[in-house]
Amino acid sequence: MFKLNRKNGVSYYTISSFEATGLVRHGFSTREGGVSEGDYGTMNFRFNCPDTKENVIENFKIMAETLGMDYRNIVLSKQVHEDVIHTVTDSDRGNGITRENEFTSVDALITDKKNIPIVTLFADCVPVFFLDKRQGVIALAHSGWRGTVKRIAMKTAEKMKADYASRPEDILTAIGPSIQVCHFEVSDDVAEIFISEFGENTAVKYGEKYNVNMQLAIEKQLRETGIPAENIDNSGICTYCNSDLLFSHRKTNGKRGNLGAFLELI
């Protein structure tokens, strides 16, 4: 279950199953609690937009402090809608925060190192959280429709199994706030890809147009890796429907900030 928390003016979601392990600090941000203004108000983590870099860095500081993390150790991904997974080591601390982002294509991060917050960014695409509660391994994946078709969530789970001897029954997963089937209209060719790859129930026709259910497609991927259904927590929270609280690219025609998924082993 995803739970909405409010602390010192900052609103963020946590995952009950992850909290219960006592192994991680984590959170998924909302728009509330930062210093940005206008279309980026207020908790924006998006660089390379009209918001200032100083505001964005301050937002990272505020969110990290709220979650009990050291913002200087944050590792950002480099999201380009591909399926590249980067294994985070101590040398990556501060990547994209205290120094330039050295990655060229990274849509998922994985690590067994403690006290390194890994962060991926969103504004409709699907955040997928992973925690191996036995081996002490975490991962985050950014899964837009292209990443979903490339099976980045499944590949992340498979990498945990291959590199860390993770057992599917020990992996907790959570699918965070993202655009849901109610508002994710796609072209016929994209719908056909989802139907072919993940089954007819992942594309629903609303009138003349198809809407795609990325979350269901991701759930199917996770199940294919052997992760049991009870270890998959789907938030069901739509960024488009809740654009007053969450950034949505589609709802605002791109005039928006970025939300952040934060995850750290302790």
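Quick look at the values:
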{"quantity": "Residue check for residue 124: under 19 Å from residue 247 (Cβ atoms), in contact with an Asp or Glu (Cβ under 6 Å, 6 or more places away or on another chain), charged (D, E, K, R) and touching a residue at least 40 places away in the same chain (Cβ under 8 Å)", "calculated": "no"}
{"quantity": "Qualifying residue in the range 82-99 (condition: in contact with an Asp or Glu (Cβ under 7 Å, 6 or more places away or on another chain), free of Cβ contacts under 8 Å to residues at least 40 places away in the same chain, within 17 Å of residue 127 (Cβ to Cβ) and not in a helix (DSSP H, G or I))", "calculated": "yes"}
{"quantity": "Some residue of the range 5-19 being in a loop (DSSP other than H, G, I, E, B) and surrounded by fewer than 13 Cβ atoms within 10 Å (Cβ to Cβ)", "calculated": "yes"}
{"quantity": "Residue in the range 37-48 that is more than 16 Å from residue 261 (Cβ to Cβ), more than 18 Å from the chain's Cα centre (by Cα), touching a residue at least 60 places away in the same chain (Cβ under 8 Å) and in a loop (DSSP other than H, G, I, E, B) present", "calculated": "yes"}
{"quantity": "Meets criteria (among the basic types (Lys, Arg) and either closer than 21 Å to residue 265 by Cβ or in contact (Cβ under 8 Å) with a residue 60 or more places away in the chain (or both)) for residue 150", "calculated": "yes"}
{"quantity": "Count of residues meeting criterion [acidic (Asp, Glu) and over 17 Å from residue 232 (Cβ atoms)] in the range 133-173", "calculated": "1"}
{"quantity": "Positions within the range 191-203 being crowded, with 17+ Cβ neighbours inside 10 Å and either among the hydrophobic types (A, V, I, L, M, F, W, C) or at pLDDT below 95 (or both), in sequence order", "calculated": "191, 193, 194, 198, 203"}
{"quantity": "Test: residue in the range 99-109 that is touching a Lys or Arg at 6+ places or on another chain (Cβ under 6 Å) and surrounded by 20 or more Cβ atoms within 10 Å (Cβ to Cβ)", "calculated": "yes"}
{"quantity": "Subset of the range 27-40 [exposed (fewer than 15 other Cβ atoms within 10 Å of the Cβ) and of a type outside the set (Asp, Glu)]", "calculated": "38"}
{"quantity": "Close pairs (7 angstrom Cβ cut-off, 6 or more residues apart or separate chains): in a loop (DSSP other than H, G, I, E, B) in the range 205-231, buried (at least 20 other Cβ atoms within 10 Å of the Cβ) and β-branched (Val, Ile, Thr) anywhere", "calculated": "213/202; 227/171; 227/173"}
{"quantity": "Subset of the range 219-266 (residues that are of a type in the set (Gly, Ala, Ser) and within 18 Å of residue 26 (Cβ to Cβ))", "calculated": "235, 260, 261"}
{"quantity": "Selected residue [free of Cβ contacts under 8 Å to residues at least 12 places away in the same chain, in a loop (DSSP other than H, G, I, E, B) and more than 23 Å from residue 173 (Cα to Cα)] from 102, 54, 32", "calculated": "102"}
{"quantity": "Of residues in the range 220-248 being acidic (Asp, Glu) and surrounded by fewer than 18 Cβ atoms within 10 Å (Cβ to Cβ), the one nearest to residue 42 (Cα to Cα)", "calculated": "244"}
{"quantity": "Which listed residue is surrounded by 20 or more Cβ atoms within 10 Å (Cβ to Cβ) and closer than 21 Å to residue 108 by Cα, from 24, 80, 84", "calculated": "24"}
{"quantity": "Selection from the range 216-266 of residues that are more than 17 Å from the chain's Cα centre (by Cα), under 21 Å from residue 33 (Cβ atoms) and of a type in the set (Lys, Arg)", "calculated": "251, 255"}
{"quantity": "Long-range neighbours under 8 Å by Cβ, at least six apart or interchain, first residue over 19 Å from residue 238 (Cβ atoms) within the range 1-16, second of a type in the set (Ser, Thr, Tyr) and outside any strand (DSSP E or B)", "calculated": "7/66; 8/66; 10/66"}
{"quantity": "Among residues of the range 75-119, those that are polar (S, T, N, Q), touching a strand residue (DSSP E or B) at 6+ places or on another chain (Cβ under 8 Å) and farther than 21 Å from residue 135 by Cβ, counted", "calculated": "6"}
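The values are calculated or read from the model by the stated rules, or taken from the named source; none is laboratory data. Predicted model, so just to flag it, every value in this text is computed and none were measured. Virtual Cβ from ideal backbone geometry, glycine too; neighbours counted across all protein chains shown.
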